Structures are given as structure tokens and as C-alpha cells.
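Novice: Structure in C-alpha cells, see below.
The values are calculated or read from the model by the stated rules, or taken from the named source; none is laboratory data. Everything numeric in this text was worked out from a predicted model, so none of it was measured. Cβ sites come from the backbone with ideal geometry, for glycine too, and all protein chains shown count toward neighbours.
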Amino acid sequence: MECSHSIIRSLVFGLSFPFLFDTAMGEDNVSSSSPELWISASKLPQKTYDGPMFMNQAADELNSEASKTANGPIGSVPLLDSIFPDEQRYGSDWIQLISGEWLRGSIKNMQDNQLDFDSDKLGEKTFDLADIIYIRSSRYFEVLRSDRTVASGTIEMDRHSVYITSGESKTMFPRSELDAFNHGGTREIDHWSGSLAFGLQSRSGNTSSLDWNAGLTIKRRSANTRFEIDYTSNYSESEHDETANNQTGSLLLDTFVSHRSFIRFPGCEYLRDPFQNIANRVTVGAGYGYYLIKQPHWEWNVATGPAYQWTEFDSVQAGEKSSEGSAAFFIQTSMVVDLTSDLTWSLNYTGQLTKSDVGGNIHHLDSTIAVDITRQLTLNVTANWDRTSKPQPDSNGEIPKPDDFRLTVSLGIQF
């Protein structure tokens with residue numbers, strides 16, 4: 001008798017499984033009133049059933065999962081709890097695609113309905129949010145809603161809702177209101193990242209020369225703000241005579257007022273270059289910025305606004321001012337393109353319009369190709385162009401050349 005019941009249950013399940021499988025594989029075929037069919041069918045391929053009782057075990061689990069989900073939203077059911085062992089569930093982020101496949105790894109961020117995901121086996125991948133039916137994170141994220149409010153916590157998302165959990169606090173809102181999320185834990189240090197680069201070239205023999213360059217970038221990102229500090233130093237000497245010695249720095253704080261628009265205040269730049277007769281030059285400004293392109297592998301923004309520039313000259317002729325200040329107007333653009341998974345191109349340009357007493361029109365451009373050697377180590381090749389249209393003469397009456405070009409190679413460490 002028991003054997004006949006087993007055979008009957010196996011036949012019933014075998015006849016119904018193709019319908020359930022088709023339901024799980026097609027988003028358009030899934031009814032929101034029958035989430036139990038999608039959940040159970042999508043779970044079945046993930047488990048291993050041993051022995052001749054496979055169909056009976058699968059049918060039991062199908063009925064069990066259907067009873068769990070019939071009276072509640074999909075997101076209220078801990079789907080992963082019965083699919084994977086504890087050592088695989090915890091400490092990783094999980095996503096499920098509309099194909100029913102589960103991926104384990106680290107969620108990087110989600111912007112423009114594109115989710116960046118890093119898997120040890122597959123590498124970095126980008127998925128359309130529409131192709132993802134379930135998300136569970138093990139880490140804290142800052143989640144931005146369409147009304148610009150921010151919630152922080154772990155994320156669980158199903159087809160209809162987003163659930164944010166932070167300790168005992170739980171927040172739920174419709175999936176349609178999800179705008180973006182970035183990784184950000186409860187500790188302040190989780191918002192910070194940076195890179196350090198250094199390059200060195202030395203020659204001796206018939207001629208001796210030394211060239212070195214160093215760069216430091218520090219960033220803080222949250223759902224609504226972006227803070228960046230950049231510093232670069234270049235030094236060269238030939239036959240023990242100094243031929244280049246300059247330092248540049250910048251600081252900016254952008255506050256997003258919409259998905260693509262931001263207010264920049266402040267925006268600061270610093271330059272020291274005695275070979276351009278500039279002992280110190282400081283520019284402070286504020287403005288409005290907009291992302292022309294904002295995609296996971298291609299970002300391009302522009303910003304513009306008023307500024308004030310103060311310049312201290314390295315040397316001046318008798319009777320001339322040693323420093324000068326002037327109102328200015330700036331335009332800045334920045335582009336980052338992921339050419340491949342291991343190759344990134346970045347372009348930054350800043351133009352400043354000032355009076356001729358402090359340099360006239362001033363331009364700075366740098367273009368960098370970064371090759372990922374490892375996750376933390378990169379090889380950087382950078383080309384720089386600086387132009388001061390009206391360079392000021394030094395104490396000897398010599399006028400510096402308006403244009404400077406540099407090509408540097410360095411190794412960078414991400415942290």
C-alpha cells in the first residue's frame with residue numbers, strides 16, 4: 001500500500017513539474033497571486049536528493065513551501081535558509097535571476113537599474129535589475145528611495161518589495177521606489193576608500209637623471225554625497241640639476257539633489273610649480289553639476305560655477321606685486337570608462353577663466369589608463385597637459401613657456 005502511494009505521488013508530481021518549471025523560468029508567466037509556485041519550483045533544482053525516493057522528497061518539499069508562502073509576500077520567506085548550508089548563506093550576498101539561478105558573491109552597488117556584482121568564479125558582472133527577482137545582502141547598504149530619503153541596513157528584495165533591516169529596526173517599501181544603493185556599514189570607515197600610486201625612474205652612466213611621481217586619492221561615498229581629495233607630486237633632475245618640481249591637489253564635496261544633478265560646494269584646487277613661476281595658487285569655487293552619462297561602466301559628469309583665485313608668484317621683477325587675486329569662472333568635466341573588466345580609462349579636465357594678471361585662461365588635463373594586475377594592484381599610465389595662457393615673468397624677466405606636458409608610469413594600490 002505504501003509503495004502504491006509513493007508511485008501515485010511521483011506520477012502526480014511528474015505531470016505537474018513541467019508547468020511549475022515553466023512558471024519559474026518566465027517572469028511574464030508568474031502570477032503575483034501564486035508566489036508559492038515560483039518559489040518552490042525555483043528551489044527544487046538547487047537541492048540534491050539521494051536514493052530512489054527522489055520524487056517523493058521533492059513533492060513533500062513542494063507542498064511544504066507552498067503552505068509557507070500561500071499567505072504572505074515572497075520577501076517574508078527566508079528562501080536561502082532551506083537551500084544552502086549555514087557556511088554558504090552567511091558572510092555572502094546572494095541574488096537570484098529570472099532564470100532561477102542563484103549567484104553568490106559581493107554586491108558592489110546598484111545605480112540606473114544596473115546592479116554590479118562580484119563573484120569569485122565569474123568575476124565582476126553587471127545585471128539589469130529587471131532580470132533579478134531576489135536579493136539578500138549580508139552587509140549593510142545605504143539605500144536611496146525615489147523621494148531622496150535614505151535607509152541603512154541589510155537588504156532583502158523580492159519582485160514587489162524591498163526590506164531593510166538594521167538591528168531591531170525593519171523598513172519595507174515598494175520595489176518601484178528603489179532608486180539606488182551603495183555599500184556602507186554602520187562604521188564610518190566603511191564609507192571611505194582610496195588609492196596610492198608611486199613611480200620611479202633613474203639613469204646613470206654618460207648621463208644621470210632621476211624622475212619620480214606619487215599620487216594619493218581618498219574618497220568618501222554615501223547615498224547622497226561624494227567627497228574626494230587628490231594629491232599629485234612630480235620631481236625630475238638631470239645631471240643633479242632640478243628640472244621639474246610640482247605639487248597639485250584638489251578637494252571637492254558634491255551633494256546630490258537628484259539622481260544625476262549635484263551641487264558642488266566647496267570645490268578647491270592647489271598648485272605649486274616654481275618652473276611656471278607659481279609658488280602657490282589656490283582656487284576656491286562652488287557650482288552646479290550634472291551627469292551626462294551615469295552607467296555602471298561609463299560615467300561622465302560636468303560642473304561649472306564661479307570661483308576665486310589667489311596666486312603667489314615664485315619671483316617677480318622689482319616694483320611688481322608678489323601675489324594677486326581675481327574672480328574666476330571654472331568648468332570641469334570627468335569621465336571614467338571601463339574598457340574591459342581589467343582596463344579602465346579616466347579623463348579629467350578643468351578650465352579656469354581669470355584676468356591676465358594671474359595667468360589668464362588656465363587649463364589642466366590628465367588622461368589615465370589603469371590596468372588591473374590584481375584586485376588591489378594597478379599599473380597606471382598617465383598623460384598630463386597644463387597651460388597658462390599668460391604666464392608671469394620672473395625676477396630676471398624670463399617668461400615661462402605656457403604649456404607643460406608629462407607622461408608618467410606608476411604602480412597603484414587600492415584600499
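Novice: Name the single residue that is surrounded by the most Cβ atoms within 10 Å (Cβ to Cβ) among those in segment 185-208 being among the small types (Gly, Ala, Ser) and assigned to a strand (DSSP E or B).
Specialist: Within segment 185-208, the match that is surrounded by the most Cβ atoms within 10 Å (Cβ to Cβ) is Ala197.
Novice: Out of the residues in segment 106-138 meeting the condition of being among the basic types (Lys, Arg) and over 15 Å from Met157 (Cα atoms), tell me which one is farthest from the chain's Cα centre (by Cα).
Specialist: So the residue we want is Lys121.
Novice: Follow-up question, since we're still on this one. Name every residue in segment 209-226 that is closer than 30 Å to Met110 by Cβ and assigned to a strand (DSSP E or B), in order of residue number.
Specialist: Gly215, Leu216, Thr217, Ile218, Lys219, Arg220, Arg221, Thr225, Arg226
Novice: State whether one or more residues within segment 71-92 are out of contact with any Phe, Trp or Tyr (no Cβ under 7 Å at 6 or more places or on another chain), assigned to a strand (DSSP E or B) and at pLDDT 85 or above.
Specialist: No, segment 71-92 contains no residue that is out of contact with any Phe, Trp or Tyr (no Cβ under 7 Å at 6 or more places or on another chain), assigned to a strand (DSSP E or B) and at pLDDT 85 or above.
Novice: Quick one: how many residues across segment 243-288 are in a strand (DSSP E or B) and within 18 Å of the chain's Cα centre (by Cα)?
Specialist: Total meeting the criteria: 7.
Novice: Contact list please: Cβ distance under 6 Å, first residue in segment 231-259 and under 20 Å from Leu365 (Cβ atoms), second residue surrounded by fewer than 16 Cβ atoms within 10 Å (Cβ to Cβ) and among the basic types (Lys, Arg), pairs at least six apart or on different chains.
Specialist: Partner pairs satisfying both residue conditions: none exist.
Novice: A further question follows. For Arg272, which of the numbered conditions (1) under 27 Å from Pro400 (Cβ atoms); (2) exposed (fewer than 15 other Cβ atoms within 10 Å of the Cβ); (3) of a type in the set (Lys, Arg) fails to hold?
Specialist: Failing condition for Arg272: (2).
Novice: Out of the residues in segment 118-165 meeting the condition of being among the basic types (Lys, Arg) and over 24 Å from Thr225 (Cα atoms), tell me which one is surrounded by the most Cβ atoms within 10 Å (Cβ to Cβ).
Specialist: Per the criteria, the residue is Arg136.
Novice: Of all residues in segment 339-371, which are farther than 17 Å from Pro391 by Cα and buried (at least 18 other Cβ atoms within 10 Å of the Cβ)?
Specialist: Thr344, Thr350, Asp366, Thr368, Ala370
Novice: Residues in segment 372-402 that are surrounded by 15 or more Cβ atoms within 10 Å (Cβ to Cβ) and assigned to a loop (DSSP other than H, G, I, E, B): how many?
Specialist: 7
Novice: Mind checking which residues of segment 375-413 are basic (Lys, Arg) and in contact with an Asp or Glu (Cβ under 7 Å, 6 or more places away or on another chain)?
Specialist: The answer is Arg387, and nothing else.
Novice: Being out of contact with any strand residue (DSSP E or B) (no Cβ under 7 Å at 6 or more places or on another chain) and either modelled with pLDDT of 85 or more or surrounded by 13 or more Cβ atoms within 10 Å (Cβ to Cβ) (or both) is true for just one of Ser236, Ser176. Which residue is that?
Specialist: Result: Ser176 is the single residue among Ser236, Ser176 that is out of contact with any strand residue (DSSP E or B) (no Cβ under 7 Å at 6 or more places or on another chain) and either modelled with pLDDT of 85 or more or surrounded by 13 or more Cβ atoms within 10 Å (Cβ to Cβ) (or both).
Novice: Let me ask something additional. For the list (1) within 18 Å of Lys355 (Cα to Cα); (2) surrounded by fewer than 19 Cβ atoms within 10 Å (Cβ to Cβ); (3) hydrophobic (A, V, I, L, M, F, W, C); (4) out of contact with any Cys (no Cβ under 9 Å at 6 or more places or on another chain), I need the number of the one condition that Val282 fails.
Specialist: If we test Val282 against (1) within 18 Å of Lys355 (Cα to Cα); (2) surrounded by fewer than 19 Cβ atoms within 10 Å (Cβ to Cβ); (3) hydrophobic (A, V, I, L, M, F, W, C); (4) out of contact with any Cys (no Cβ under 9 Å at 6 or more places or on another chain), just (4) comes out false.
Novice: Could you check, for segment 97-111, whether at least one of its residues is in contact with a Lys or Arg (Cβ under 7 Å, 6 or more places away or on another chain), within 24 Å of Val257 (Cα to Cα) and not charged (D, E, K, R)?
Specialist: Within segment 97-111 (the criterion being in contact with a Lys or Arg (Cβ under 7 Å, 6 or more places away or on another chain), within 24 Å of Val257 (Cα to Cα) and not charged (D, E, K, R)), the answer is yes, since at least one residue qualifies.
Novice: Among the residues of segment 298-315, are any surrounded by fewer than 19 Cβ atoms within 10 Å (Cβ to Cβ) and within 18 Å of Gly215 (Cβ to Cβ)?
Specialist: no
Novice: If you don't mind, another one. If you check every pair at least six apart or on different chains, which have Cβ atoms under 7 Å apart with a residue in segment 113-131 that is modelled with pLDDT of 80 or more first and a residue that is aromatic (Phe, Trp, Tyr) and not in a strand (DSSP E or B) second?
Specialist: From residues that are modelled with pLDDT of 80 or more, there are no pairs.
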